1. Any lysines with Cα under 16 Å of the residue 695 Cα? List them, leaving off those in the same chain fewer than 8 positions away.
2. Along the Cα-to-Cβ line of residue 472, 7 Å from the Cα, sits a label point; which residues in the stretch 415-457 have backbone N less than 16 Å from it?
3. With unit charges on the beta carbons (Lys and Arg positive, Asp and Glu negative) and the dipole taken about the Cα centre of the chain, which residue among 256, 715, 669 sits farthest to the positive side?
4. Once label points are set 7 Å from the Cα along Cα→Cβ at both residue 383 and residue 269, what is their separation, rounded to one decimal in nm?
5. Could you state how much accessible area residue 732 has, in square angstrom rounded to the nearest 10, with a 1.4 Å probe and all protein chains kept in place?
6. Can you tell me the 0 to 90 degree angle between the C-alpha axis of helix 360-374 and the longest principal axis of the chain, rounded to 10?
7. Would you please state which residues of the stretch 99-142 a label at residue 201 would reach in this model, taking the label point 7 Å out along Cα→Cβ and a backbone N cut-off of under 11 Å?
8. Any idea how far the Cα center of the stretch 248-325 sits from the one of the stretch 504-524, in Å?
Amino acid sequence: MEFSAFFKGLTISSLSAVLALASFGPQQAQGQKQPDTAKMPWMNKALSPDQRADMVLSQMTLDEKIQMVHGTGWGVLRAGDPIAPGSNFGAGYMLGIERLGIPGINMADSAVGIRMAAIQSRYATLLPSTLGAAASWDPDAGFLYGSVIGREARAQGFNMSIGGGLDITREPRNGRNFEYAGEDPVLAGVMTGELARGVKSEHVMSDIKHYALNDQETGRTVVNVLLDKRSMRESDLLAFEIAIGIAKPSAVMCSYNLVDGDHACENDYLLNQVLKKDWGFKGFVVSDWSATHSTVKAALNGLDQDMPGDDNYFSDPLKKAVEDGQVPAARLDNMVHRILRSMFDAGVIDNPPVRSVVDPFRGRDDAQHIAEESIVLLKNSGDILPLKADPSTSIAIIGSHADVGVVSGGGSAQVDAPGGNVIDPKPGPSPWGQTIYFPSSPLRYIRAKSPQSNVQYIDGKDNTAAARLAKSSSLAIVFVTQPMREGVDAPTLSLPDNQDALVEAVAAANPNTIVVLETGGPVTMPWAQQVKGIVEMWYPGIGGAQALSNILFGDVNPSGKLAVTFAKSDAQLPHPTVPGLEAKVKTTGDDQHHEVAPFDLKYTAGAAVGYKWFEETHKQPLFPFGFGLSYTTFAYSSLTVDDATRTAHFTVKNTGQREGTEIAQLYVALPPAAKEHFKRLAGWQRVELAPGESKTVSLTLNPLYLSIFDTAKDAWQLLPGDYKVMAGASSSDTPLNATLHVQP
Ligand code: BGC
């Protein structure tokens, strides 16, 4: 996929021409004859979405059906492309059938907030990255995340969100990890499922993407992923299975890559056999943008809607294929049924979006709350944190534009910054390839916490000058960033732009150095031993600096725990370099991507992703999955397991001086017959504890999380035998053990 054209050449005058061409959505259309809903029995809300969809379908002509299974083109995404009337200027648009009272589907990219608000001078909340939100391990935060997206989509006139990224972190350098939810299928599946449920709770159609195994950006349209079926079902696909089970999303977006020889959007195994048959998915499969490669094969193998729809696979060619009998008419009906039933199910027909002013304050508060639960305290030597408001302290704030803002992820996940990029404010939408900083200033909020301290900022471009300021201060806080975006992977886990040298220079000048990370995913930290504090705040969103200052000064006790393993080096990963990355980098304008010839990518690690890989290969990471510190301490005791109910009980006690929240984790190792050499996350609970307080945590084990996928039987199987159940504070700190006996 070539994205160099995104927004390029979209001058203000061409934009106004575009705006003039288009109307403002069906519900705003002036003077149009409204359909007589009294003559539309499918408008009866008492009927099921399936019944209602069938009633509409029975009235539709072949042309109307064809119209629903493809979009109207690149529209606003590509300079000069026409914009269909009724489009809301989002990433995708399907025309409605007005005579039947069926609105169009206006799709908003919304991985971390609604994209492309700027072209209509609208506002959207930038949420923390979903990888950050996953570090909250808080399903309620996931739901809130989705509801913010749903709420703001509705207010902007969109009735479908195409966020919901869920490719697990097989490749920690993947440029889109910040749009996903980490390396564990259960945690990622639950968090993304809750997110998609939150979207739908606002009467907006939800989506989960990119299905499947789109685990790196390098060569994403040509890479053929090879992974044995058992591993696939127990890792990448399990995440989707869990999320789809929770959310019953309106759509699943198939990905660009190939899996076992077939493109994901025409892959019978992925779409027909697994998604629709095994998981009973009732929504529709929408293609990623230009990820469709055929008409008959894609239609027969499970694709329901081609987007953005300019490839013409699902327009006249599909009509002809239906007329010729190459694609049965019943299959086309099934595509349309799936789309219609999802519209009724989400409520976009009964409760269409109503344009309103997005509430930026509510959005910021929600974003800040999620950020406060997402920030992970990785190191706190000598209790350097929390900081105290103290007039005698002087604080050096160094680097990463921490005087004015926080960094965000790019590509189709970019949300327009209020007023433009705070370090380079320009009118118009955020360019595709640019690194954007949002106006949430760490300097300002740190100053506000300790107004009488001498807090000074230096940009960190000159290590010597930064070290000089650090030396003359009582404390130094260095901000480091790893900007990432769609289309490009990080070449290594190292921080870019020599930032390691900056941290080392500052740490050498001042022993009281704290590093704040704003990264898309895991990074290496060669200086970890030389600094006293390390705080990972991901891409923290529009309330990021407020959340950070609350954590740094102890108004909020950190509770986040890593949803990804942080390796010590690239050499520890299954692939020491990103496969395909050695190929030529092509830069066109502000777009940079790798020109790669088609290649096979065999995932020999199987289901051993992240912490499972580290355990299986006996490697010690820098920071393990599930790890995160608090300003208080917790003790674990008394694990028991009840075989009959498959419930584990254990006690967590707050042994410190402050109130805090512990994410208590439960892992399980399967019996030897499973031939598996790692533990699996099987459950967790966020436990709020006052100082000295104890609580019993009870977690009932979900058999799916303990099962293996038996490829001979093509089914999940819970093996009989002894399961080792472990409880503790992270994947590598499980002090409690017990045995669960599963009878044959
Ligand atoms: C991305 C999708 C996105 C679509 C529409 C593609 O490049 O992979 O995630 O939804 O563009 O913008």
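1. 653
2. Residues 454-457 qualify, since their backbone N sits under 16 Å from the label point.
3. 669
4. It works out to 5.6 nm between the two label points.
5. Here the accessible area works out near 80 Å².
6. Helix 360-374 sits roughly 60 degrees off the main axis of the chain.
7. Answer for this model: 139-142.
8. Here the two parts' Cα centres lie 46 Å apart.
The values are calculated or read from the model by the stated rules, or taken from the named source; none is laboratory data. Everything numeric in this text was worked out from a predicted model, so none of it was measured. All Cβ positions, glycine included, derive from the backbone under ideal geometry; neighbour counts span all protein chains shown. Ligands, DNA and RNA are excluded from the accessible area calculation, which covers all protein heavy atoms including side chains. Shrake-Rupley method; radii C 1.70, N 1.55, O 1.52, S 1.80 Å.
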